[in-house]
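Participant: Dropping the structure in here first, questions after.
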Amino acid sequence: MAVDYEVGVIGGGIVGLAFAWEAARRGRGVAVFERDGHAQGATVRNFGMVWPVGQPPGPDYRRALRSLRRWQELAAEAGVWVERRGSLHLARHALEEQVLHEFVERSPEVQYEWLDAGETVRRFPMVRADGLRGGLSSPTEHVVEPRAVPGQLRAFLAARHGVAFFPGTTIVRADVPTLTAATGAAWRVGRAFVCSGADFSTLFPAEYAASGLRRCKLQMLATAPQPGGAALGVHVVGGLTLAHYKSFEVCPSLGALKTWLKSEYPEYFQFGIHVMAAQNSAGEIVIGDSHEYDGDITPFDSDRIDRLILDYLGRLIDLPDPGIARRWSGIYAKHPTQGVTYLEPRPGCVIVSGVGGAGMTLAFGHAEDWWASHDAPNATNTSEL
Ligand SMILES: Cc1cc2nc3c(=O)[nH]c(=O)nc-3n(C[C@H](O)[C@H](O)[C@H](O)COP(=O)(O)OP(=O)(O)OC[C@H]3O[C@@H](n4cnc5c(N)ncnc54)[C@H](O)[C@@H]3O)c2cc1C
């Protein structure tokens, strides 16, 4: 069968780009179809945190480290801005401290370090000393610039690997081998990956509806660049984050902490808020976030949610300029139990979805794993899927 491209990728967010890159590394001829002129989805709306510490020790953590190495490769070869920041989980309550100590004890393969309050403030002077018990420091987390990443990867993949890009192209049918755009234009591909993020309705709506995948909306804020080049120096989070990431489920005291947090911060749990702060390449502090699902999602952002996020952040750090310069929200796809969801609605057509809040952290690793387990030498037909 003659094809225009061995691999067609629908969606130019980080997941689509990761699958395109991995296919191209394996010598495939690849095309990426993106609905917008420039990707506008979750990939350009996130913190830019590459966040291995949120992954449970073991295969997930190691997948995050493999993804991180791909970011470092992009920094060296494509000029992508990737900076090591580390992370700091602050404890202001005895149960938060207890969970963090348990986490250090149960994560022997990782270089986590407990800092007492004095040492925390000495290393990171923006952290508030009052009420502080200490913090868990990890050196591994990085930051990238989400608004720049899709364009930089696109340029790199086109120049290095000859990947073809079709911006402004909405694919409305994916009956492999034929991909059809809304304009009626069509291409023949050997296999297709549908990496359409939180769009569950344009392609294969019945399969998405049956999958258990959910849509999740997050509210975000950013300050202006901090004056005088003031540096936060690390990604900062507080105790609410311990209830959010699976990595802390190894800690025996997590249940007690969650019970306490829910009684202390009921409104934060109502809106799924935990608070993170990351400084980007412009010196802005990017702050988030909330988590509202499916029917609770509206186009309108809530000032109450923003206020709750900023109040909590104000207990963790003192910013030289805490004024908010930008607000936005983003939506990602998430599955209640799966870290990534693969569906095969047609032979040769794979939906890759549900990476949730970890796409920047894990997409390259998922792509590597998928191709490693499905690739066969010289295979360009679709039967191997
Ligand atoms: C506010 C927020 C903060 C986050 N923070 C982090 C973080 O710090 N670290 C981290 O690891 N993860 C973070 N995430 C998660 C991460 O952003 C996502 O997991 C990731 O961006 C998902 O990538 P994606 O490619 O699946 O989706 P998207 O980036 O949404 O891309 C999907 C693309 O597909 C295109 N598309 C859809 N349908 C079609 C079609 N039919 N034809 C053509 N094109 C189509 C869309 O236009 C879109 O560009 C965050 C997410 C949000 C929303």
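Laboratory data are not the source of any read-out in this text; all were calculated from the coordinates shown. What you see is a predicted model; the values in this text were computed from it and never measured. Note: ideal-geometry Cβ built from the backbone for every residue, glycine included; neighbour counts use all protein chains shown.
Participant: Need the full-extension length gain, Glu109 to Thr180, defined as separation in residues times 0.36 nm minus the C-alpha distance. One decimal, nm.
Facilitator: Working: separation 71, 0.36 × 71 = 25.56 nm, distance 4.77 nm.
Between Glu109 and Thr180, full extension yields an extra 20.8 nm.
Participant: Please give the calculated 222 nm ellipticity per residue for the chain, where each DSSP H segment of at least 4 residues contributes -39500 (n - 2.57) and the sum is spread over every residue; nearest 500 deg cm²/dmol?
Facilitator: Numbers: 10 runs with 117 residues, N = 385.
Computed ellipticity for the chain at 222 nm equals -9500 deg cm²/dmol.
Participant: Still on this structure, please answer the following. P(r) of the chain in 20 Å steps, Cα pairs, percent per bin?
Facilitator: 28, 56, 16, 0
Participant: I'd like the projected area of region 32-185, averaged over all directions, using the convex hull of its alpha carbons. Report it in nm² with one decimal.
Facilitator: Details: hull surface 49.6 nm².
Averaged projected hull area, Cα only: 12.4 nm².
Participant: Something else about it: What do you get when you divide the Cα radius of gyration of region 146-226 by 2.2 N^0.38 Å, with N the number of residues? Before the final figure, lay out the partial values.
Facilitator: Values: Rg = 16.6 Å, N = 81, 2.2 N^0.38 = 11.7 Å.
Taking N as the residue count of region 146-226, the ratio is 1.42.
Participant: Over 17 Å, how big is the tail of the calculated P(r) for region 128-183, in percent of all Cα pairs? Intermediate results must be reported in sequence, preceding the final value.
Facilitator: Working: 1052 of 1540 pairs.
Cα-Cα pairs in region 128-183 separated by more than 17 Å: 68 percent.
Participant: Given points 7 Å out from each Cα along the Cα-Cβ axis, report the His101 to Asp130 separation in nanometres with one decimal.
Facilitator: The modelled label-to-label distance comes out at 2.6 nm.
Participant: Turning to a different aspect of this structure: Roughly what percent of Cα-Cα pairs across region 109-155 reach past 17 Å?
Facilitator: Numbers: 579 of 1081 pairs.
Beyond 17 Å sits 54 percent of the P(r) for region 109-155.
Participant: Label point 7 Å out from Arg326 along Cα-to-Cβ: which residues of region 2-36 have amide N under 20 Å?
Facilitator: From region 2-36, the list is 12-15, 36.
Participant: Along the three principal axes, how long is region 274-385 when you take its alpha carbons, biggest first, rounded to the nearest angstrom?
Facilitator: 57, 34, 22
Participant: Further question: Can you work out the PRE-style zone for Ala164? Point 7 Å along Cα to Cβ, and I want the residues of region 182-197 with backbone N under 18 Å.
Facilitator: The answer is 182-194, whose backbone nitrogens lie closer than 18 Å to the label point.
Participant: If the viscosity is 1.567 mPa s and the temperature 4 °C, what Stokes-Einstein diffusion coefficient in µm²/s follows for region 196-320 when Rh is the Kirkwood radius over Cα pairs? Walk me through the intermediate numbers first.
Facilitator: On the way: Rh = 16.5 Å.
Here the translational diffusion coefficient equals 78 µm²/s.
Participant: Quick check: pseudo-label points 7 Å beyond the Cα along Cα→Cβ at Asp369 and Asp294, how many nm apart are they?
Facilitator: It works out to 2.5 nm between the two label points.
Participant: Let me ask something else. On alpha-carbon atoms, Rg over Rh for region 325-365 using Kirkwood Rh? It would help to have the intermediate numbers written out before the result.
Facilitator: Values: Rg = 13.1 Å, Rh = 11.9 Å.
Reported Rg/Rh, Kirkwood definition of Rh: 1.11.
Participant: Can you compute the modelled spin-label distance between Glu264 and His38, with each label point 7 Å from Cα toward Cβ, in nm?
Facilitator: Going from the Glu264 label point to the His38 one covers 4.1 nm.
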